[in-house]
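Colleague: Pasting in a structure now, in C-alpha cells, and then I'll have a few things to ask.
The values are calculated or read from the model by the stated rules, or taken from the named source; none is laboratory data. In this text, all values refer to a predicted model and were calculated from it rather than measured experimentally. As a convention, Cβ positions derive from the backbone with ideal geometry for all residues, glycine included, and neighbour counts pool all protein chains shown. Ligands, DNA and RNA are excluded from the accessible area calculation, which covers all protein heavy atoms including side chains. Shrake-Rupley method; radii C 1.70, N 1.55, O 1.52, S 1.80 Å.
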Amino acid sequence: MDDIHGKPNIETFSQYLIKQGLSKLTFKNYESDVNSFYAWMKTKLREFGVVITTLEASFPYLNTKTAAEYKNFLIAGRTPVKTINRRLSTLRQLARYLMVNTMLSTNFMGGIQNISVYMPKKDRILRIKATSPYFGKQTISSGTSGIVIELDKPLQATSQINIWITDSVK
C-alpha cells in the first residue's frame with residue numbers, strides 16, 4: 001500500500017492479509033482497493049477543509065454515509081460492477097479488521113451492499129420501431145409496459161430503438 005506504507009495500523013492490516021494466504025493478485029487488489037479509497041477520502045475531506053496525510057487520519061470520518069458516498073462515486077464514475085463489488089468487499093474486510101483491533105468502534109461498512117446488474121432475458125428487451133419521421137419532439141409509447149420515451153430529435157424513416165430494462169442500482 002504504497003501511499004500508506006510504514007503506518008502501523010495499515011501495515012498490520014497488510015501483514016494480516018499476507019498471513020491469510022492470499023494469492024499475489026488478491027493481495028495486489030486489496031492494496032489497490034485501499035489506496036483507491038484513501039485517495040478518494042483525501043479528496044473528499046479536502047472539500048471540507050480537512051487535510052489528511054495517512055489513511056488513519058481519516059478514521060474519525062469513516063461512517064456508513066461516507067461508505068455509501070464512495071459507492072455512489074464508483075457507480076457514477078462508471079467503474080465496472082465487479083471492481084465496485086471487490087472494492088466494497090475489501091473495505092468490509094478492512095472495517096472488520098479495524099474493529100477487531102479496536103482502531104474503530106463502529107463498522108463503517110455496515111449495511112453497504114454490493115451492487116447487482118439485472119441482465120434481462122431476450123424477451124424483456126423492448127423494441128420500438130418508428131416508421132415515419134416527425135419534426136421536432138417525439139413521444140413513443142410501448143403500449144402494455146407503460147414506458148414512454150420522449151425524443152428531442154426526430155427519428156429517421158425506419159429507425160429502431162432497443163431499450164434494455166434493468167433493475168435500478170441500489
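Colleague: For segment 10-33, name all the residues that are surrounded by 13 or more Cβ atoms within 10 Å (Cβ to Cβ), farther than 18 Å from Ala68 by Cβ and not polar (S, T, N, Q).
Modeller: Of everything in segment 10-33, those that are surrounded by 13 or more Cβ atoms within 10 Å (Cβ to Cβ), farther than 18 Å from Ala68 by Cβ and not polar (S, T, N, Q) turn out to be Ile10, Glu11, Phe13, Tyr16, Leu17, Leu22, Phe27, Tyr30, Glu31.
Colleague: Could you tell me which of the residues Phe37, Phe48 is among the aromatic types (Phe, Trp, Tyr) and assigned to a helix (DSSP H, G or I)?
Modeller: Phe37
Colleague: With respect to Ala67, is the statement that it is open to solvent by 30 Å² or more (accessible area, probe 1.4 Å) and of a type outside the set (Lys, Arg) true?
Modeller: No.
Colleague: Working only within segment 93-112, note down all residues that are open to solvent by less than 40 Å² (accessible area, probe 1.4 Å) and within 21 Å of the chain's Cα centre (by Cα).
Modeller: Gln93, Leu94, Ala95, Phe108, Met109, Gly110, Ile112 - these are the residues of segment 93-112 that are open to solvent by less than 40 Å² (accessible area, probe 1.4 Å) and within 21 Å of the chain's Cα centre (by Cα).
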